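Notes for the one structure printed next.
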Amino acid sequence: MAVRVFQDFDISGDGPIYRRLKAELARAVESGKLAHGEALPPERDLARIVGVSRVTVRRAIAELTSEGFLQRRHGAGTFVLRPPARIEQPLKRLTSFTEDMQARGLTPRSHWLERGLFSANAEEAEGLKLTENAAVARLSRIRLGDELPMAIEHSTLPADILERPDLVETSLYAALAERGVTMAKATERITACNLTAEQAALLTVSPGAPALAIRRTVYDAGGRPVELTRTYYRSDIYDLVAELTYAGDP
């Protein structure tokens, strides 16, 4: 990486020095001067080049890491991340992650964490109207678009709906459609949360980073609940957009 990029930083002005340095680093990433995957110099060297204290560099890097511009890799250093393009997710239509990514020209991929048949726990049994310990299919995966981790998804379905979860490759809904299962409607509960250290590592963000947690229950045409999903979306990527109709007096 050319030292010249950092030598050209202009951190003059008002406000805390670390914020000015943070702004220059963010601009360098967004403009492409610091390319995706490149390693930053060690904090000591960067402080010397820019002419600030090491504490200032550490604080600027910590905030940019939490915001998804940089990534710390244990024993390897700090690396530049491509600024993620924001995804607008409409809430008025039931779609799969695969459909959403393909509609935006992105290549969807999954990294599987768990896929198999298990005994339902209390939450799954209640959400799917099953007896506790009934057989269910569980599918947990990291969802990626153009190789960028975007969400962690945990889906549970009655075993008679999906007898072979190990055969699902990319789109769960496509696999269900092949079995003649029709998804008719869904209810969703959206909450804000902070990612655990384990979740953050899977999504390549900092522990405690903000996320959108969505609990979705999907029903078939007969009103039976056939899927219970908990998904954690990176809030630096996803915007959930609702279309509202005014119900008051004209």
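The values are calculated or read from the model by the stated rules, or taken from the named source; none is laboratory data. Computed from a predicted structure; not experimentally measured. Positions of Cβ are generated from backbone atoms using ideal geometry, with glycine treated the same way; all protein chains shown enter the neighbour counts. Ligands, DNA and RNA are excluded from the accessible area calculation, which covers all protein heavy atoms including side chains. Shrake-Rupley method; radii C 1.70, N 1.55, O 1.52, S 1.80 Å.
Note on Lys22: aspartates and glutamates with a C-alpha under 15 Å away, same-chain residues under 8 apart excluded, are Asp8, Asp10, Asp14, Glu30, Glu43, Glu63, Glu67. Over all pairs of different C-alpha atoms in segment 157-241, the reciprocal of the mean inverse distance, the Kirkwood hydrodynamic radius, equals 14.6 Å. Of the whole protein surface, Leu212 contributes about 40 Å² of accessible area at a 1.4 Å probe radius.
List the trypsin sites (Lys or Arg not before Pro) within segment 130-183 that fall in a DSSP loop (any state other than H, G, I, E or B) and whose Cβ has at most 13 other Cβ atoms within 10 Å.
Working: sites: Arg138, Arg141, Arg143, Arg179; in loops: Arg179.
Loop-located and lightly packed - Arg179.
Separation of segment 131-164 from segment 17-75 is 37 Å, based on Cα centroids. In the chain, if the dipole is taken from +1 on Lys/Arg beta carbons and -1 on Asp/Glu beta carbons about the Cα centre, which of Leu113, Val52, Tyr219 is farthest to the positive end? The residue sitting farthest along the positive end of the dipole is Val52. Projected onto the charge dipole of segment 143-198 (+1 at Lys/Arg Cβ, -1 at Asp/Glu Cβ, origin at the Cα centre), which of Ala186, Ala175, Ala151 gives the Cα projection farthest towards the positive end? Going by the Cα projections, it comes out as Ala186. Its Cα gyration tensor gives the chain an equivalent ellipsoid, and the semi-axes of that ellipsoid, as √(5λ) in whole Å with the largest first, are 42, 20, 16.
Hey, if we sort His154, His36, His74 by accessible area with the 1.4 Å probe, largest down, what's the order? Present the calculation step by step, with values, prior to reporting the outcome.
Details: His154 50, His36 120, His74 195 Å².
Output order, biggest surface exposure first: His74, His36, His154.
Counting only Cβ charges, +1 for Lys and Arg and -1 for Asp and Glu, the dipole size of segment 94-211 around its Cα centre is about 160 debye. Of all aspartates and glutamates in the structure, those lying under 16 Å Cα to Cα from Lys129, and not within fewer than 8 positions of it along the same chain, are Asp160, Asp220, Glu227.
A 1.4 Å probe, protein heavy atoms only, puts the accessible area of Glu169 near 120 Å².
Quote the charge dipole size of segment 174-250 about the Cα centre in Debye, to the nearest 20; the model charges only the Cβ of Lys and Arg (+1) and of Asp and Glu (-1). Intermediate results must be reported in sequence, preceding the final value.
Working: 8 positive and 9 negative charges, 61 e Å.
It comes to approximately 300 debye.
For the chain, with only Lys/Arg (+1) and Asp/Glu (-1) charged at the beta-carbon, what is the dipole magnitude about the Cα centre, in debye rounded to 20? Show your work: numbers first, answer last.
Working: 33 positive and 34 negative charges, 152 e Å.
So the dipole magnitude of the chain works out to roughly 740 debye.
Centroid-to-centroid, using Cα positions, segment 190-247 and segment 94-128 are 11 Å apart. Computed 3J(HN,Hα) for segment 18-27, one whole-Hz value per residue from the Karplus formula 6.51 cos²θ - 1.76 cosθ + 1.60 where θ = phi - 60°, is 5, 5, 5, 5, 4, 5, 5, 5, 4, 5, glycine and proline marked x.
Among Val226, Val80, Val55, the largest mean-square fluctuation in a Gaussian network model of the chain, built with springs joining Cα atoms closer than 10 Å, belongs to Val55.
Starting from the coordinates of the alpha-carbon atoms of segment 103-250, obtain the Kirkwood hydrodynamic radius over all distinct pairs and give the value in Å to one decimal. Display every interim value, and only then the final one.
Numbers: mean 1/r = 0.0603 Å⁻¹.
In segment 103-250 this quantity evaluates to 16.6 Å.
What's the FRET efficiency of Leu240 with Glu38 using the Cβ-Cβ distance as r and R₀ = 41 Å, to the nearest 0.05? List each step's numbers first, then the result.
Numbers: r = 32 Å, r/R0 = 0.79.
The pair Leu240/Glu38 has a calculated efficiency of 0.80.
Over segment 1-83, the fraction of Cα-Cα pairs per 5 Å bin, rounded to whole percents and listed from the shortest bin up, is 3, 16, 29, 31, 17, 4, 0.
Couplings for segment 139-146, taken from phi via the Karplus curve 6.51 cos²θ - 1.76 cosθ + 1.60 with θ = phi - 60°, read 9, 10, 7, 8, 9, 10, x, 6 Hz in order; Gly and Pro are left as x.
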